[in-house]
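J.: Before I ask anything, let me first share the structure, which is written out below as structure tokens.
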Amino acid sequence: LVFDLTVHDVASGRLLQNPVLSHTDALALADEAAARIVSAANVRSQGPQLATLETSTLEAYQHYMRALEAGQAGRVTELQHHLDAAIQLDSGFITVVRARMGMAMGSNDTITVKRLRETMQRFMERATEYDRLDQEASDAFYAGDRERSEALARGLVRRYPRDPRAYQMLQSVLGAHGRFEEAEQVATAGLALDSLAMES
């Protein structure tokens with residue numbers, strides 16, 4: 001089954017997304033279309049907006065959103081639970097695989113890192129442009145290439161100025177390089193995407 005999906009902004013008529021989806025199962029195809037529509041729904045909002053997320057299931061997308069919320073609140077166990085649940089539903093959801101791999105690296109869980117790296121390689125064709133650029137910045141950082149990792153992280157913020165994950169990446173890189181004042185400025189700019197968070 002092939003579904004040519006167009007998502008428009010009702011107020012302006014502007015085309016937001018136009019993916020061509022295919023699946024052998026009609027319900028799975030409808031689920032993937034729903035995930036794309038939910039992903040596009042906040043395009044006109046003034047607050048933070050994640051770059052395109054590629055997943056075949058709405059439930060996996062919802063788990064990722066809950067994981068982000070838990071991570072921002074510092075609820076690490078809940079964060080891991082939602083990332084694992086999203087991967088179980090859609091192991092090709094590269095954004096989630098990368099996030100979970102980052103957690104595993106932070107806790108020196110080499111077995112999980114190896115397993116997730118293999119998963120990521122298997123589904124790399126599903127990575128979004130954001131995933132690829134973010135991974136490139138991450139690889140440069142872990143390789144000790146200070147200038148390149150900073151340049152790539154700054155490029156992420158320029159290219160995705162409303163995605164809080166880009167600000168988090170740049171903040172982490174600058175902080176790890178001891179540039180605390182700049183890191184704080186980036187964190188403040190990231191918070192400013194969300195007026196409620198900024199007020200808090």
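The values are calculated or read from the model by the stated rules, or taken from the named source; none is laboratory data. From a predicted model like this one, the values you see are computed outputs, not experimental measurements. Virtual Cβ from ideal backbone geometry, glycine too; neighbours counted across all protein chains shown. Protein only, heavy atoms only, side chains kept; ligands, DNA and RNA dropped before computing areas. Shrake-Rupley method; radii C 1.70, N 1.55, O 1.52, S 1.80 Å.
J.: With the other protein chains left in place, how much accessible area per residue, in square angstrom, belongs to region 65-194 at a 1.4 angstrom probe?
T.: Details: 7060 Å² over 130 residues.
Per residue, region 65-194 has an accessible area of 54 Å².
J.: Here is a follow-up. Computing the accessible area with a 1.4 Å probe over protein heavy atoms, can you report the carbon and sulfur percentage for the chain?
T.: Numbers: 5950 of 11210 Å².
That share works out to 53 percent.
J.: Right, here's the next one. If you find the alpha carbon centre of region 1-45 and of region 128-200, how far apart are they in angstrom?
T.: Distance between centres, Cα-based: 29 Å.
J.: With unit charges on the beta carbon (Lys/Arg positive, Asp/Glu negative), name the residue among GLN168, ILE37, SER138 whose Cα is farthest towards the positive pole of the charge dipole of the chain.
T.: Comparing the listed Cα positions along the dipole, SER138 ranks first.
J.: Modelling each spin label as a point 7 Å along the Cα-to-Cβ direction, I'd like the ASN18/GLU129 distance in nm, to one decimal.
T.: 1.5
J.: Here's a follow-up. Please give the residues of region 144-173, grouped as numeric ranges, whose backbone N is less than 14 Å from a label point set 7 Å along the Cα-to-Cβ vector of ALA189.
T.: Under cut-off, by backbone N: 150-173.
J.: Normalising by the residue count of the chain, find the relative contact order in percent from Cα pairs under 8 Å and 6+ residues apart. Provide the component values of the computation, followed by the final result.
T.: Working: 249 pairs, mean separation 28.9, N = 200.
Reported relative contact order: 14 percent.
J.: Mind putting a number on the dipole of the chain about its Cα centre? Charges go on the C-beta only, +1 for Lys and Arg and -1 for Asp and Glu, and I need it in Debye to the nearest 20.
T.: Details: 21 positive and 28 negative charges, 45 e Å.
Dipole of the chain, to the nearest 20 debye: 220 debye.
J.: Report the equivalent ellipsoid semi-axes for region 27-117 in whole Å, largest first, defined as the square roots of five times the eigenvalues of the gyration tensor built from alpha carbon atoms. Write down the numbers at each step before the final one.
T.: Values: eigenvalues 110, 53, 21 Å².
Each semi-axis is the square root of five times an eigenvalue, giving 23, 16, 10 Å.
J.: Can you check how the C-alpha radius of gyration of region 43-200 compares to 2.2 N^0.38 Å, as a plain ratio?
T.: 1.01
J.: In region 88-132, what is the volume of the convex hull around the alpha carbon atoms, normalised per residue and reported in Å³?
T.: On the way: hull volume 2.9 nm³, N = 45.
Residue-normalised Cα hull volume stands at 65 Å³.
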